[in-house]
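To keep things clear, I will list the structure first and then write my remarks on it.
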Amino acid sequence: MENFKTAKLFDAGGDLSKRWYVHYSFRSPETGKFRLFQNWIPQKIKTCSGRRDKAHEMIKDINRRLRQGFNPFAYSEKKNTSISVALAYVLSIKEGSCRKRSYFTYRSMVRLFTVWLKAKNLLNIPVDDFNYHLAQEYMDYTQAKMKYCNRTYNNRATALKTVFKALVKREWILTNPFDKVERLPKEEAEIVSFTVEDLVKMQKNLPTWDYDLYVCACLIFYCFIRPQEIVRLKVSHFQLKNRTIMLPGTISKNKKNELVQIPNAMVPVLEKLDLNYPGSHFVFTRHLKRGTKEAAPTR
């Protein structure tokens, strides 16, 4: 037996002077009886055809959500939660479900966003009251007042869109306020390639200046391993006898297990690297030495 009755239009007999709305019913978990829910159609729509088109759009969306398990009673409770509590809830989810660096990014973006909310006296508004206009106002602020470049603007918008997407998924809100925030055009970063002379100088001088940094450069040049993957490499991942480096899905960018072949030119470089440590040790931590604490790739 269904817990809901699908959405329908009330058109007040075609009278545009009266309120039109879309209504549906859902069985109360407390009484077991159906309760009526109404979604009003904007009165600024001045034609019958316009209101019917809007109603058709609303009915389609409501029925889709009802069939996917949407519970208006649970939504009514969550939508009144303060935005500060809702953001903290999403961060608690992200902390346990994504990589450390990604979590730090979300936490940083939410912290800066929260500072703005507090300055605007919006920190305790119901999360459902935070709409597109406020989202765009915040993004305009980051561009005009904080002088962020387009790339930073886009990264901030994307991160907050992901945060609010988690709230939509869990039915704290029905629409994502950052969905309509448009990305700004950005210039591609200039690619600077080393010349053959540059590479010869590096190969000659870098090993004596900082051998561990030289090994990192070789891992990038010969093995195409990314910096963020390099700092996650452990001693056990290096299998010099088999001339391979294992990149587990837990450290690779695409989250898939990869076996990297060590080319001949790279073998003597790795043989001189001190890997006489427990397999659980990271190869490049503080000062690019072996250790137990993972370093940030920006180091």
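Coordinate-derived values only; no laboratory data. As the structure is a prediction and not an experimental result, all values here were calculated from the model. Note that each Cβ is placed from the backbone with ideal geometry, even for glycine, and that neighbours are counted across all protein chains shown.
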Virtual spin-label span in nm between Val115 and Gln143, 7 Å along Cα→Cβ: 2.1
Modelled FRET efficiency - R0 22 Å, Ser82 with Lys161, Cβ distances, 0.05 increments: 0.65
Gyration tensor verdict on the chain (Cα atoms; rounded if a/c is under 1.5, prolate if a/b is larger than b/c, oblate otherwise): prolate
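Assuming a ≥ b ≥ c are the square roots of the Cα gyration tensor eigenvalues, decide whether the range 218-294 counts as rounded (a/c under 1.5), prolate (otherwise, with a/b larger than b/c) or oblate. Can you show the working numbers first?
Values: a/c = 1.44, a/b = 1.03, b/c = 1.39.
Judged from the Cα gyration tensor, the range 218-294 comes out rounded (a/c under 1.5).
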Unit Cα scatterers, Debye sum, the range 1-148: log10 I(q)/I(0) for q = 0.14, 0.20 Å⁻¹: -0.93, -1.16
Anisotropy class of the range 253-299 from Cα gyration tensor, a/c 1.5 cut: oblate
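Holding the Cα-Cα limit at 27 Å, pick out from Lys118/Lys255; Lys118/Lys147; Lys8/Lys46; Lys186/Lys253; Lys79/Lys161 the pairs that are longer than that.
Working: Lys118/Lys255 37 Å; Lys118/Lys147 20 Å; Lys8/Lys46 20 Å; Lys186/Lys253 23 Å; Lys79/Lys161 17 Å.
Exceeds cut-off: Lys118/Lys255.
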Neighbourhood net charge (15 Å Cβ-Cβ; Lys/Arg +1, Asp/Glu -1) for Lys46: +3
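When the helix-only estimate is applied to the chain (DSSP H runs of n ≥ 4, each -39,500 (n - 2.57), divided by the residue count), what is the mean residue ellipticity at 222 nm, nearest 500 deg cm²/dmol?
-14000 deg cm²/dmol
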Nitroxide proxy distance, nm - points 7 Å out along Cα→Cβ at His56 and Arg99: 4.6
